[in-house]
Amino acid sequence: GRTWSAPVRVSGGAGAAAFMPNVQVRADGTIGVGYYDLRSDTADPATLQADYWLATSTDGLAWIDTPASGPFSLTTAPLASGGLVVGDDQALL
């Protein structure tokens, strides 16, 4: 935490919105970031397709993106405080 590198994109869907990241670092130093994104969404306004991904890295620079779940329709998520809610207590264990 004494120094910081330049920001690095973790999500593999460069053109898609990514949101709700969860970060975990294993004892061996492997970093995991779970997140949702909209790379499976279509132009159809009746759909809002989301996926859940796990990005892993051993150096914080090169990331491997693995699909964990989805796609699913985010339009079925509950509406709270003006936005769709997919979970309020999430973490990688």
statement: In the chain the accessible area split gives carbon plus sulfur, as whole percent at 1.4 Å, a share of 58 percent
message: Taking a cut-off of 20 Å, what percent of all Cα-Cα pairs in the chain are separated by more than that?
response: 41 percent
- prompt: From the residues Ala62, Val86, Ala43, which one has its Cα farthest along the dipole of the chain in the positive direction, the dipole being from +1 and -1 charges on Cβ of Lys/Arg and Asp/Glu about the Cα centre?
  reply: Ala62
- request: For Val86 and Arg26, compute 0.36 nm times the residue count separating them, minus their Cα-Cα distance, and round to one decimal in nm.
  value: 19.1 nm
field: Ratio Rg/Rh [Cα only; Rh per Kirkwood] for region 1-53
entry: 1.10
task: Could you give the size of the charge dipole of region 1-52 about its Cα centre, using +1 on the Cβ of each K and R and -1 on the Cβ of each D and E, expressed in debye and rounded to the nearest 20?
output: 340 debye
field: Solvent exposure of the chain as accessible area per residue, Å², 1.4 Å probe
entry: 68 Å²
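The values are calculated or read from the model by the stated rules, or taken from the named source; none is laboratory data. Computed from a predicted model, the values in this text were never measured in an experiment. Ideal geometry is used to build each Cβ from the backbone, glycine not excepted, and the neighbour counts take in all protein chains shown. Please note that ligands, DNA and RNA were not included when accessible areas were found on the heavy atoms of the full protein model with its side chains. Shrake-Rupley method; radii C 1.70, N 1.55, O 1.52, S 1.80 Å.
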